[in-house]
Every structure is written in C-alpha cells, then in structure tokens.
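Read the structure below first, then the notes.
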Amino acid sequence: MKRKISGWQRVASQLVFIIYLGMLFYLLFFSERYGRTDISDEYHYNLVLFREIRRFYQYREVLGIQSVLVNLVGNVLAFMPFGFFLPILWPKSGRLLFVAFWSFSFSLFVETIQLVTKVGTFDVDDLFLNTLGGIFGYVLMCLMFLWARKGNLRN
C-alpha cells in the first residue's frame with residue numbers, strides 16, 4: 001500500500017515516536033507503579049508460552065481485573081504505536097512481516113535488558129503480546145491510510 005506523507009507529517013511522526021519510546025522506556029524500566037525500581041538479586045523469567053496468560057486468566061478474580069488488563073491488554077497496547085509508526089517513518093518497512101519481525105525483535109531487546117538488569121521479568125508471553133500489538137498497530141495504520149485515501153477519492 002502506497003502512503004503519501006508530507007514533510008511536516010514525517011517530522012511530527014518522528015517526534016511522536018521519540019516521545020512514545022521515552023514513555024515506554026520509563027514504564028518498562030523506571031515506573032514505581034509496576035515495581036521497576038525494585039531490583040532483585042535473582043533472575044525472573046518465563047520460557048513457557050501462554051503460561052502467564054493462562055495464569056492471569058485463571059486467577060483473574062483473585063488478581064483483579066485491573067491487574068489482568070494491565071498485563072494482557074497493556075502489553076498489546078504498549079506496542080501498537082511501534083507497529084503504527086514504523087512503516088510511516090521507514091516506508092520500505094511497510095510490510096506486515098517486516099513490522100512483525102521488528103516488533104518481535106524490539107520486544108526481545110527490551111525483555112533481554114529486563115533479564116540482564118533484573119528489572120522486571122523476561123517473559124515469552126510478553127514477546128507474543130508485544131508482537132501482536134505491533135501487528136495490530138500496523139493494521140490500524142493501514143486502515144487509517146485506506147480510509148483517508150477513500151475520503152480523498154470522493155473529493
């Protein structure tokens with residue numbers, strides 16, 4: 001899908017993307033609300049796909065809906081801007097598989113830093129949910145460009 005973006009739109013997208021990365025970095029590594037300032041002496045990790053997703057679903061009444069939504073939906077929502085802005089900022093990256101690959105790679109980078117620094121947990125479920133978020137962001141971007149293009153065709 002061809003996308004025409006003006007110079008100011010590209011600059012605005014770059015600025016929003018940088019702000020997004022800064023906010024994501026803060027939430028993933030420094031946010032007190034999510035226990036990121038508590039550095040552990042132990043490594044925390046989950047290498048079994050769907051284990052934590054299943055656990056959050058199974059114990060949703062004990063954990064509370066907010067905890068479940070923050071963990072499951074939050075991981076998807078956190079990476080939607082990545083999938084949305086990547087093809088805008090790098091037009092040659094405008095393919096679904098490319099966006100999925102880079103969403104997974106960026107998520108793996110973040111999860112690995114969390115493991116090495118012992119801040120947070122390395123979780124393959126997060127890799128899955130973050131990649132899914134990147135894909136959803138890409139689909140949203142495509143739908144928005146399609147909607148804008150159809151609107152321009154009528155005029």
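Each residue in segment 87-98 was checked for being touching a residue at least 40 places away in the same chain (Cβ under 8 Å), in a helix (DSSP H, G or I) and surrounded by 15 or more Cβ atoms within 10 Å (Cβ to Cβ), and 2 pass.
Can you find, within segment 99-112, the residue that is surrounded by the most Cβ atoms within 10 Å (Cβ to Cβ) among those that are touching a Leu at 6+ places or on another chain (Cβ under 8 Å) and hydrophobic (A, V, I, L, M, F, W, C)? Ranking the candidates gives Val99 first. The residue pairs whose first member lies in segment 107-118 and is over 17 Å from Leu129 (Cβ atoms), whose second member is of a type in the set (A, V, I, L, M), and whose beta carbons are closer than 6 Å, counting only pairs six or more residues apart or on different chains, are Lys118/Ile39.
Residues that are under 30 Å from Ala12 (Cα atoms), without any contact (Cβ under 8 Å) to a residue 12 or more places away in the chain and either surrounded by fewer than 19 Cβ atoms within 10 Å (Cβ to Cβ) or out of contact with any Cys (no Cβ under 7 Å at 6 or more places or on another chain) (or both) do occur in segment 71-86.
Note on segment 120-155: residues that are within 21 Å of Leu72 (Cβ to Cβ) and at pLDDT 85 or above total 20.
For Glu61, the stated conditions hold: it is surrounded by fewer than 14 Cβ atoms within 10 Å (Cβ to Cβ), modelled with pLDDT of 90 or more and acidic (Asp, Glu).
The values are calculated or read from the model by the stated rules, or taken from the named source; none is laboratory data. What you see is a predicted model; the values in this text were computed from it and never measured. Because the Cβ atoms are built from the backbone with ideal geometry, glycine has one as well, and the counts that use them run over all protein chains shown.
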